[in-house]
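A quick write-up on the structure given underneath.
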Amino acid sequence: MKHRLPSTVSEPAPVRWTLIGIALAFVIITLVLPLALVLSQALAGGVREFWGALAEPDAQAALRLTLTAAAIAVPANLVFGVCAAWSIAKFEFKGKQLLLTLIDLPFAVSPVISGLIYVLLFGLQGWFGPWLAAHDIKIIFAVPGIVLATVFVTFPFIARELIPVMQEQGTDEEEAAATLGAGGWQTFVRVTLPNIKWALLYGVVLCNARAMGEFGAVSVVSGHIRGMTNTLPLHVEILYNEYNAVAAFSVASLLMLLAIVTLVLKTWIEGRAHRQVGAPVMETVR
Amino acid sequence: MSILIDNVSKHFVGFRALSHVSLEIPTGGLVALLGPSGCGKTTLLRIVAGLDRQDSGRILFDGDDMSRIHTRDRRVGFVFQHYALFRHMTVFDNVAFGLTVRPRRLRPGADEINAKVCELLTLVQLEGLAQRYPSQLSGGQRQRVALARALAVNPKVLLLDEPFGALDARVRKELRRWLRQLHDELHVTSIFVTHDQDEALEVADTVVVMNAGRIEQIGSPVEVCEAPATPFVREFLGEVSLPRAEAATLVRLPAKTPSPEVFGRAAP
């Protein structure tokens, strides 16, 4: 803001500076300092060691697995999120409130519980365990389990982002498209999608960030087999527990890079969405 | 294209929106569905368009039962109260939408679409605004874009849901005269919904007065004004006078929410 508030409604200067100071100190201590620490630790042994930790086969395998899990979880939740938001925003049906509540479930339960659910379902002692074992299908302590846990934890992001936007827009434009002769798919691609694209992209970015960074749920179902079922966050933990601080922080800096990219994308999307004529203002989910 | 509404009923949860409504609209007619809010007039319009489904009864266009025909195949032009323009498209793309979504073999060429859109924008007096976005237009301009968009597909029926409801009094009066003229030029069978007695009497050939999901009276503006069929019609129209009749000779009582425009209007 360029315009200063008139003095009658503004707090006195000392109050203002104290408030700003507290906020700033908090941000520095809890956000900036740790980030700086991660980077400095990662580079403590020099650039060569930094690259060495990243190029190491187990780290590479962890990176691949993280990318794979995200590559499956994000599109899956994209499809689900659009379907769920569409049905909640545009139709009236029984159980709508229940569906809304269920979508929030992954936010409500601890990620560790989310992981345990899958262990209880698909683990050896679980409901489907014996059947899966008999058919030689491995889900827990294998890649499918990690993907499932990731999908579960990132389930609400896109749907939650879209629902308020679609509810606000109502069904008028879709109805207008129908009276003009557009089919369902044409209406979706030419009318609905352009109206929700920024909210959708925003949801995808958040969903992706969470999918790559998820620790708790994945940790429960992973089994921590190096080079096989380790994702990046799990790999960081293992390295750290082995007192391999430089390697741990080097891999951690990869995740940090992802966080920064996410923030930049998020800011860019918000800027674009605001600038676009008539685009709705988005709300953050959490 | 004549429209026959045959014994149509519709329930929503907890209330009866329409009960056994029958109405016949001749080709080229301009009919107003007039009534207080909640009387079922918009529901009836949406059922004619296929945007809602009736529980029982039939809708016939030129004798063909439309009940199982999807909105997109009914060839109705629908104008929404809040315009429902595609907000991410320019005025041009809005008007062209109905043509560009046609299957490839039925789609006109780019030149033809261009010519058609220009012709329509001239018709609604918005020639210079083709590249604007809806948010850059005034309410009256938006509603005219909505009308041009509806007309682009050569609809056999034009349905208007409170087309001037969201506009201020002056623009509303201008637009309704203009709509009447437009109808006289195009002769598209049209139904429009309104709760404004003046609007219905000034624009329509036939006024259908509705209340609580039923039709109270069908008649010309003169008939419904001078010979109200029920106490409801008498009360609902009692406060207004015929716009084109000898307004000066009739006693003008204050309308429910009188606008200065209504009082200030000179007798023609």
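The values are calculated or read from the model by the stated rules, or taken from the named source; none is laboratory data. Please read all numbers here as calculations on a predicted model, not as lab measurements. All Cβ positions, even for glycine, are placed from backbone atoms using ideal geometry, and neighbour counts span all protein chains on display. Areas reflect the complete protein model, heavy atoms only, side chains present, ligands, DNA and RNA absent. Shrake-Rupley method; radii C 1.70, N 1.55, O 1.52, S 1.80 Å.
Taking helices (runs of 4 or more DSSP H) that fall entirely within the stretch A:9-55, which contain at least 2 residues that are of a type in the set (S, T, N, Q)? Break it down into steps so the answer makes sense when it comes.
Values: elements: A:13-27, A:33-42, A:47-55.
Result: A:33-42.
In the set B:Leu179, B:Leu158, B:Leu167, which member is in contact with a Gly (Cβ under 7 Å, 6 or more places away or on another chain), open to solvent by less than 40 Å² (accessible area, probe 1.4 Å), at pLDDT below 90 and closer than 23 Å to B:Phe80 by Cβ?
Exactly one of B:Leu179, B:Leu158, B:Leu167 is in contact with a Gly (Cβ under 7 Å, 6 or more places away or on another chain), open to solvent by less than 40 Å² (accessible area, probe 1.4 Å), at pLDDT below 90 and closer than 23 Å to B:Phe80 by Cβ, namely B:Leu167.
For the stretch B:116-129, the set of residues classified as closer than 12 Å to B:Phe92 by Cβ, open to solvent by less than 60 Å² (accessible area, probe 1.4 Å) and part of a helix (DSSP H, G or I) consists of B:Lys116, B:Val117, B:Leu120, B:Leu121, B:Leu129, listed by residue number. Counting only helices (runs of 4 or more DSSP H) that sit wholly inside the stretch A:115-185, those with at least 1 residues that are within 21 Å of A:Thr231 (Cα to Cα) and of a type in the set (A, V, I, L, M) are A:143-154. For the stretch A:44-71, filtering for residues that are open to solvent by less than 80 Å² (accessible area, probe 1.4 Å) and either in contact with a His (Cβ under 9 Å, 6 or more places away or on another chain) or not polar (S, T, N, Q) (or both) leaves 19.
Candidates B:Arg132, B:Arg149: the one that is in contact with a helix residue (DSSP H, G or I) (Cβ under 9 Å, 6 or more places away or on another chain) and crowded, with 20+ Cβ neighbours inside 10 Å is B:Arg149. Just for the stretch A:225-252: of the residues that are within 17 Å of A:Gln60 (Cβ to Cβ) and not in a helix (DSSP H, G or I), which one is most open to solvent (accessible area, probe 1.4 Å)? Per the stated criteria, the residue is A:Met228.
All conditions but one from (1) β-branched (Val, Ile, Thr); (2) open to solvent by less than 20 Å² (accessible area, probe 1.4 Å); (3) within 10 Å of chain A (Cβ to nearest Cβ) apply to B:Val8; the one that does not is (3). The number of residues in the stretch B:145-178 that are assigned to a helix (DSSP H, G or I) and over 19 Å from B:Leu129 (Cβ atoms) comes to 6. Hey, does the stretch A:136-145 have a residue that's farther than 30 Å from A:Leu65 by Cα and open to solvent by 30 Å² or more (accessible area, probe 1.4 Å)? Within the stretch A:136-145, not a single residue is farther than 30 Å from A:Leu65 by Cα and open to solvent by 30 Å² or more (accessible area, probe 1.4 Å).
Considering each residue of the stretch B:52-70, count those that are at the interface with chain A (Cβ under 8 Å from one of its Cβ atoms) and either crowded, with 22+ Cβ neighbours inside 10 Å or touching a residue at least 60 places away in the same chain (Cβ under 8 Å) (or both), and give that number.
We begin by selecting, within the stretch B:52-70, every residue at the interface with chain A (Cβ under 8 Å from one of its Cβ atoms); these are B:70.
Filter again for either crowded, with 22+ Cβ neighbours inside 10 Å or touching a residue at least 60 places away in the same chain (Cβ under 8 Å) (or both), leaving none.
Number of matching residues: 0.
So which residues in the stretch B:90-111 are in contact (Cβ under 8 Å) with a residue 12 or more places away in the chain and either of a type in the set (Val, Ile, Thr) or more than 8 Å from every other protein chain (Cβ to nearest Cβ) (or both)? It would help to see each step written out before you state the result.
First pass over the stretch B:90-111, keeping only residues in contact (Cβ under 8 Å) with a residue 12 or more places away in the chain: B:90-92, B:94-100.
Across the stretch B:90-111, the qualifying residues are B:Thr90, B:Val91, B:Phe92, B:Asn94, B:Val95, B:Ala96, B:Leu99, B:Thr100.
The residue that is most open to solvent (accessible area, probe 1.4 Å), counting only those in the stretch A:153-191 that are more than 10 Å from chain B (Cβ to nearest Cβ) and polar (S, T, N, Q), is A:Gln167.
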